[in-house]
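Any read-out appearing in this document is the output of simple, stated calculations on the displayed coordinates, not a laboratory observation. On a predicted model such as this, the values are computed, not experimentally measured, just so you know. Here Cβ is always computed from backbone atoms with ideal geometry, including for glycine, and neighbour counts include all displayed protein chains.
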Amino acid sequence: MSKVLMKGNEALGEAAIRAGCVHFFGYPITPQTEIPEYLCKRLPEVGGVFLQAESEVAAIHMVYGAAGAGVKCMTSSSSPGISLMAEGMSYLAACELPCVVINMMRAGPGLGGILPAQSDYFQATRGHGHGDYQCIVLAPASVQEAVDLMTLAFDLAEKYRNPVMVCADGMIGQMMEPVEFRSEGRGPPMAGNDWALTGCEGRPRRIVNSLHLAPEQNFAYNVRLKEKYDRAAREEVRFELYGDGRPDVLVVAFGTMARISKSAIDDLRREGRRVALFRPITLNPWPYAQCRAAMDAMPEGAKVLDVEMSMGQMIYDVKLAAEGTRTIEFLGKAGGLVPSPDEVAARIRALLP
Amino acid sequence: MTAETLPLLKDDRLVMVVGNYGSGKTEVSVNLAIRAAASGRRVRIADLDLVNPYFRCREARRLMEAHGISVVVPPGAQAWADLPIVVPEVLHMLSPPAGTLSLFDVGGDDVGARVLGSLRGGAIATGYELWQVINPQRPFTRDADGCLAMREAIERSSRLVVTGLVVNAHLMEETTADTVLSGLAVAREVARRGGLGIRFVAVMESLADEPPIRAIGEPVLVMKRHMLPPWLLPAGEERLPAGRPVPLGRRNGSHGTYRD
């Protein structure tokens, strides 16, 4: 199929439909409103349901209901709206219901501003709602990758029976890029399963429930969830390593910040500098071992630079990967400001031997 | 054929640029403003995009001001508010003094064009041009039917009439001469069926000298790319939010050129 010029948000909407998503529930918020706007035109064309909920709280619980009925469904929002969804996310994870949630991050905290940011990293990767649950979190760095990751998001949600978050910053939602939809037409509906509430006539009753009052039973339930997250950590880690194999500075960045860092790295490599980028694509599970391997390949004393559109959140995962073997430097901006390729390059230069 | 032959630079006074999301209205508007200013016109441009949060012409404010263009946007931090603000200067722009060009960069689709409804009286009194930017690489305007449906929606919502077409067929960095030519073919059908003239074809400078482009047979606006994501901005400049382009005079003045 030929390429088409799309805004990131629209492309995510189309990608969801092609992945087989048939229900969308959401509420508008900048900078992601084009996702519901696009889907409200397109979903009826494919026999799907688009519903603008009365709030994000309602939207995520509509997702809970639809997912419980075995429907491929999703919601999308931006930072403050995702905060409102925290309770529902915990219930979805607790009841092991597959769904996809897009967070097109904007500057926070509070109402913040409408410009891009990556400051919901903790929220995405460290629970968000209450309880011992985790989301699988995917972080695209381009519109094309966002499209490709949507298919993966629905597949992983179903495979792990768990919410999957596509976590991008407003820049990816708002920018235009040529994209190609590699899967033609609609993906498969959710596979036959033994848990969805589809009407119990002729079969035993099924129950979707997260209330486990007996502590032993609840503990066993938590253990089972943890085993699932551990399996995802073994099987689903995705990352990109870009640049020199034995760099003097290794930049760690994700999403838009990784793309900006690549511009800086390309400039420096043209000058003959040895630099590289480690880009986690799955923010959870985080590619600890792979990042550590990239660090171990560096000369002794070589530095690691974590760059984020936040005040420093992913840096804790980079430090976990290093386990004290490397000094981790930080460059970050928040509030809607974005470190430029020049700023990144200048900081790398200062760290080069 | 060069942009200096554009009718715009002779006697158009009030030009409003509309079109679907992502057709390239802002890139066209910024380039038009700079070109008109370079030809000696006094230019005021209003950022009337009330529906898009990023990549609006306010991001190119400093660049345009460096060309002597007056840029009308909400003051201070309000420029980054998620609010449909129309500042009073926009009303003054509806009756520009002799020799001044008033240019309105309007938001996308019929939703974005709705703001023009409130400016309708003044626009009609002055006499206006309402140009629809067409890019058939976009999903809802891939053919003449889509472009004509967009025109109808914009006219209904703005209560004004489209007076001309601007062909801006592109796929960002992946644009080729074929992209432009196939887009022009769609635009010609739109023009024929809609009874409209093609005002000009917008082409990035990297393609402008290719023989098929030179043979287009329509006025051409040769453009530089000013609305850039942060990783494509030229080196050597402090950057501002959402890829605001840089002022003139740095690094060979090569603002708007492609990086890579």
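If Lys and Arg each add +1 and Asp and Glu each add -1, what is the summed charge of the other residues whose beta carbon sits under 9 Å from the beta carbon of B:ALA153? Walk me through the numbers on the way to the answer.
Details: positive: B:ARG151, B:ARG156; negative: B:ASP109, B:ASP110, B:GLU152, B:GLU155.
Here the count lands on -2.
For a test of the definition: using alpha carbon positions, the gyration tensor, and the 1.5 limit on a/c, classify the range A:305-353 as rounded, prolate or oblate. If you can, show how the numbers build up before the last one.
Values: a/c = 3.77, a/b = 1.24, b/c = 3.05.
Oblate is the answer for the range A:305-353, as a/c is 1.5 or above yet b/c matches or exceeds a/b.
Computed about its Cα centre, the charge dipole of the protein assembly as shown is approximately 600 debye, with only Lys, Arg, Asp and Glu carrying charge at their Cβ. Ranked for footprinting exposure by Cβ neighbours inside 10 Å, fewest first, B:SER206, A:SER55 give A:SER55, B:SER206. Here's the picture: charge each Lys and Arg Cβ at +1 and each Asp and Glu Cβ at -1 in the range A:114-178, and of A:GLY173, A:GLN123, A:VAL143 the one pushed furthest to the positive end of that dipole is A:GLN123. Summing Cβ point charges (Lys, Arg +1; Asp, Glu -1) relative to the Cα centre of the range A:151-308 gives a dipole of roughly 360 debye. Taking 1 over the mean of 1/r across every pair of different Cα atoms in the protein assembly as shown, what Kirkwood radius in Å do you get? By the Kirkwood definition, the hydrodynamic radius is 25.5 Å.
As a rough footprinting exposure proxy, the listed residues A:VAL49, B:VAL186, B:VAL30 were ranked by other beta carbons within 10 Å of their own, and the order from fewest upward is A:VAL49, B:VAL186, B:VAL30.
For every helix of n ≥ 4 consecutive DSSP H residues, a contribution of -39,500 (n - 2.57) applies; sum these over chain B, divide by its total residues, and give [θ] at 222 nm rounded to the nearest 500 deg cm²/dmol.
Values: 9 runs with 78 residues, N = 260.
Mean residue ellipticity, 222 nm, calculated: -8500 deg cm²/dmol.
Pairwise alpha-carbon distances in the range A:240-351 exceed 17 Å for 46% of all pairs. Rounded to the nearest 10 degrees, the angle from helix A:56-68 to the longest Cα principal axis of chain A is 60 degrees. Computed from phi, the 3J(HN,Hα) profile of the range B:190-198 under the Karplus parametrisation 6.51, -1.76, 1.60 (θ = phi - 60°) reads 4, 4, 5, 6, x, x, 10, x, 8 Hz, with x in place of Gly and Pro. Here is how the number arises for chain A: DSSP H runs of 4 or more residues each give -39500 (n - 2.57), the sum is divided by the residue count, and the result at 222 nm is -12000 deg cm²/dmol. Distance from the C-alpha centroid of the range A:282-325 to that of the range A:34-87: 34 Å, rounded to the whole angstrom. Panel note: the C-alpha atoms of the range A:171-265, placed on their principal axes, show extents of 60, 40, 24 Å (largest first).
Going by a ≥ b ≥ c, the root eigenvalues of the Cα gyration tensor, does chain B fall in the rounded group (a/c under 1.5), the prolate group (a/b larger than b/c) or the oblate group? Numbers along the way, then the final one.
Values: a/c = 1.36, a/b = 1.02, b/c = 1.33.
Cα axes put chain B in the rounded bin.
A simple charge model with +1 on the Cβ of Lys and Arg, -1 on the Cβ of Asp and Glu and nothing else charged puts the dipole of chain A at about 340 debye relative to its Cα centre.
Near B:MET223, the amide H atoms lying under 5 Å from its own belong to B:VAL203, B:MET204, B:GLU205; only residues 5 or more places off or on other chains count, and H is placed 1.01 Å from N. Pairs A:LYS159/A:LYS226; A:LYS41/A:LYS159; A:LYS159/A:LYS262; A:LYS72/A:LYS262: which exceed 25 Å Cα-Cα? Listed pairs above 25 Å: A:LYS41/A:LYS159; A:LYS159/A:LYS262; A:LYS72/A:LYS262. Working ranking of peptides A:301-308, A:188-195 by packing, defined as the average number of other Cβ atoms within 10 Å per residue, highest first, is A:301-308, A:188-195.
Angle check, please: helix A:341-351 long axis (alpha carbons) against the longest principal axis of chain A (alpha carbons), in degrees 0 to 90, nearest 10. The helix A:341-351 is inclined about 60 degrees to chain A.
For the range A:316-328, the Karplus equation 6.51 cos²θ - 1.76 cosθ + 1.60, evaluated at θ = phi - 60°, returns couplings of 5, 6, 5, 5, 4, 5, 6, 6, x, 7, 9, 7, 10 Hz by residue, with Gly and Pro reported as x. Using the Karplus relation 6.51 cos²θ - 1.76 cosθ + 1.60 with θ = phi - 60°, the per-residue 3J(HN,Hα) values for the range B:37-44 come to 5, 5, 7, x, 6, 7, 10, 10 Hz, with x marking Gly and Pro. Fewest neighbouring Cβ atoms within 10 Å first, the residues A:LYS319, B:LYS224, A:LYS7 line up as A:LYS319, B:LYS224, A:LYS7.
Within the straight-line cut-off of under 18 Å between alpha carbons, the lysines reachable from B:LYS224 are B:LYS25, sequence neighbours fewer than 8 places apart in one chain being disregarded. In chain A, the inverse of the mean reciprocal separation of distinct Cα atoms equals 20.8 Å; this is its Kirkwood hydrodynamic radius.
Taking amide H positions as modeled 1.01 Å from N, with prolines and chain starts lacking one, the residues under 5 Å from B:GLY164 and 5 or more places away or on another chain are B:LEU130, B:GLN132.
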